[in-house]
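Engineer: Okay, handing you the structure first.
The values are calculated or read from the model by the stated rules, or taken from the named source; none is laboratory data. In this text, all values refer to a predicted model and were calculated from it rather than measured experimentally. Because the Cβ atoms are built from the backbone with ideal geometry, glycine has one as well, and the counts that use them run over all protein chains shown. The area values use the complete protein model at the heavy-atom level, side chains included, leaving out ligands, DNA and RNA. Shrake-Rupley method; radii C 1.70, N 1.55, O 1.52, S 1.80 Å.
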2 protein chains.
Amino acid sequence: LRIRVVLVGIEGSMNLGVIVRTCKNFNVDEIFLVKPSADLGEASRYVAKASDLFERMIIVDDLEDALKNIDLVVATSAKGYGVGDVLRQALSLDDFLEIIKKGVNSLAILFGRESTGLTRDEIMHADLLVTIPANPEYPVLNVSQAVAIFLYELWKLRGFETTNIPPRIGRSDFENLMKLVDNITRMIVSDEAKAKRLSLTWRRVLYRSRLSVYEDRLLVYWFRRVLSRLRRSYSG
Amino acid sequence: LRIRVVLVGIEGSMNLGVIVRTCKNFNVDEIFLVKPSADLGEASRYVAKASDLFERMIIVDDLEDALKNIDLVVATSAKGYGVGDVLRQALSLDDFLEIIKKGVNSLAILFGRESTGLTRDEIMHADLLVTIPANPEYPVLNVSQAVAIFLYELWKLRGFETTNIPPRIGRSDFENLMKLVDNITRMIVSDEAKAKRLSLTWRRVLYRSRLSVYEDRLLVYWFRRVLSRLRRSYSG
């Protein structure tokens with residue numbers, strides 16, 4: 001799924017910089033600016049390590065020039081619902097993601113101005129209108145926040161590899177850990193029914209905690225130490 | 001689930017303002033600032049309609065004072081994984097949400113400085129470390145972006161009502177719409193097997209599109225017009 005972020009009339013320079021950075025964080029392929037009023041020089045101060053994406057941004061005068069070679073165009077708005085307004089019959093972000101799952105190859109997402117969002121005419125250019133549900137008292141998100149939420153959800157959907165989460169243990173590591181625990185249990189509990197209950201409890205507790213490989217190694221160390229002490233105390 | 005956002009040493013005034021706004025967007029209950037270096041006056045310019053929450057912020061000098069009366073404390077970091085580093089064995093945001101589902105009453109989420117994040121000592125104060133998975137090339141999100149993603153996910157989990165998404169049609173509206181479509185089909189297709197296939201196709205197409213009440217009303221109007229024209233042409 002190729003993703004193009006289209007910022008229409010973006011006003012804030014820091015917002016623009018932070019959005020480019022967020023686009024890099026979540027593997028956006030292209031950024032188009034339609035008639036930006038933000039200061040690009042100022043914006044570049046906030047892109048951090050996303051300067052490659054910043055340099056590749058394409059600036060156009062017409063929204064239509066930003067929508068070429070795209071399968072699906074979605075407009076975004078905090079005003080997702082207007083009674084009797086056919087334009088404002090939005091999908092929630094989650095419902096939209098369900099639709100995207102079914103074989104869209106390229107997607108353009110339109111975000112509007114900080115002050116007034118997208119115009120009705122601009123929304124008409126899109127196939128769908130999508131809204132992030134939020135507090136009815138105040139559902140209007142800052143545009144860079146909305147971009148972050150959209151892109152994170154799409155990033156998860158696309159199933160990229162990541163390296164900032166530790167690898168989790170697999171089945172065999174888990175069973176080895178359980179074997180150790182059960183060995184200890186057998187040494188300290190003679191009642192078999194009770195031992196079974198303890199085994200089940202440990203299994204559930206350890207499984208739920210979603211151990212990383214390294215955490216597992218530390219726990220294995222700890223249980224082994226306990227086991228060897230117990231053996232010594234029994235034999236001694 | 002009561003949510004407290006704890007910003008440790010926040011530096012950027014615009015970031016602070018935008019975070020407070022985001023907290024309002026997603027029904028955060030309390031905001032604590034630990035030794036902020038941001039300019040509060042400047043920050044207030046970016047809170048938009050969240051000034052009530054801004055006024056209620058609590059500023060403390062010690063992290064521990066920000067963690068009182070809380071069931072579960074989570075630290076956040078882009079560095080979720082360090083080889084052989086017991087501190088950096090993070091859960092992904094999604095895995096964390098799974099845990100939260102099981103009866104946590106109050107949650108504090110710690111976000112660190114823009115420049116250097118949370119210190120190791122600060123992370124030690126938390127029960128869990130949670131990371132938003134992102135592009136391995138550059139996984140470090142701006143803090144206000146990270147806050148938005150966290151709070152949106154928690155907001156969904158808590159199941160609040162929303163008003164910026166239009167109400168969807170229920171079962172009976174859907175069946176009424178299908179009846180109309182089938183009536184038309186019967187008038188224009190005589191082969192029964194083909195009519196059944198068309199009926200099924202329409203059912204799936206219309207179901208997938210998750211019609212809003214208003215969209216349904218417009219389609220009902222359209223199908224009725226078609227039907228009445230057809231009837232006239234048949235009788236005329």
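Residue-by-condition table, conditions (1) facing chain A (nearest Cβ under 8 Å); (2) buried (at least 16 other Cβ atoms within 10 Å of the Cβ); (3) assigned to a helix (DSSP H, G or I):
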{"position": "B:VAL130", "(1), (2), (3)": "no, yes, no"}
{"position": "B:PRO133", "(1), (2), (3)": "yes, yes, no"}
{"position": "B:TYR138", "(1), (2), (3)": "yes, yes, no"}
{"position": "B:LEU141", "(1), (2), (3)": "yes, yes, no"}
{"position": "B:GLN145", "(1), (2), (3)": "yes, yes, yes"}
{"position": "B:LEU151", "(1), (2), (3)": "no, yes, yes"}
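Engineer: Can you say whether A:GLY103 is at positive phi and not aliphatic (A, V, I, L, M), as far as the supplied structure shows?
Structural biologist: Criteria met by A:GLY103.
Engineer: Mind listing just one residue for me: the one in segment A:173-194 that is without any contact (Cβ under 8 Å) to a residue 12 or more places away in the chain and not acidic (Asp, Glu) and, of those, least open to solvent (accessible area, probe 1.4 Å)?
Structural biologist: A:VAL189
Engineer: Please go through (1) buried (at least 20 other Cβ atoms within 10 Å of the Cβ); (2) within 14 Å of another protein chain (Cβ to nearest Cβ) for B:VAL83 and return the number of the only condition it doesn't satisfy.
Structural biologist: It fails just one condition, (1).
Engineer: Could you give me the residue pairs with C-beta distances under 7 Å whose first residue belongs to segment A:7-18 and is open to solvent by less than 10 Å² (accessible area, probe 1.4 Å), whose second residue is basic (Lys, Arg) and in a helix (DSSP H, G or I) wherever it lies, and which are 6+ apart or on separate chains?
Structural biologist: So the pair list comes out as A:GLY17/A:ARG45.
Engineer: What do you reckon, is B:PHE96 assigned to a helix (DSSP H, G or I) and surrounded by 18 or more Cβ atoms within 10 Å (Cβ to Cβ)?
Structural biologist: It is true that B:PHE96 is assigned to a helix (DSSP H, G or I) and surrounded by 18 or more Cβ atoms within 10 Å (Cβ to Cβ).
Engineer: In segment A:69-92, is there at least one residue being part of a helix (DSSP H, G or I) and either among the charged types (D, E, K, R) or over 28 Å from B:TRP155 (Cα atoms) (or both)?
Structural biologist: no
Let's see how each residue does on (1) basic (Lys, Arg); (2) part of a loop (DSSP other than H, G, I, E, B); (3) modelled with pLDDT under 90:
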position	(1), (2), (3)
A:GLU161	no, yes, yes
A:ASP173	no, no, no
A:ALA195	no, no, no
A:TYR207	no, no, yes
A:ARG217	yes, no, no
A:PHE223	no, no, no
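Engineer: Kindly indicate whether any position in segment A:50-64 is within 14 Å of another protein chain (Cβ to nearest Cβ) and of a type in the set (D, E, K, R).
Structural biologist: yes
Engineer: Would you mind telling me which numbered condition in (1) facing another protein chain (nearest Cβ under 10 Å); (2) assigned to a loop (DSSP other than H, G, I, E, B); (3) hydrophobic (A, V, I, L, M, F, W, C); (4) farther than 21 Å from A:CYS23 by Cα B:TRP155 fails?
Structural biologist: Going through the list (1) facing another protein chain (nearest Cβ under 10 Å); (2) assigned to a loop (DSSP other than H, G, I, E, B); (3) hydrophobic (A, V, I, L, M, F, W, C); (4) farther than 21 Å from A:CYS23 by Cα, B:TRP155 breaks only (2).
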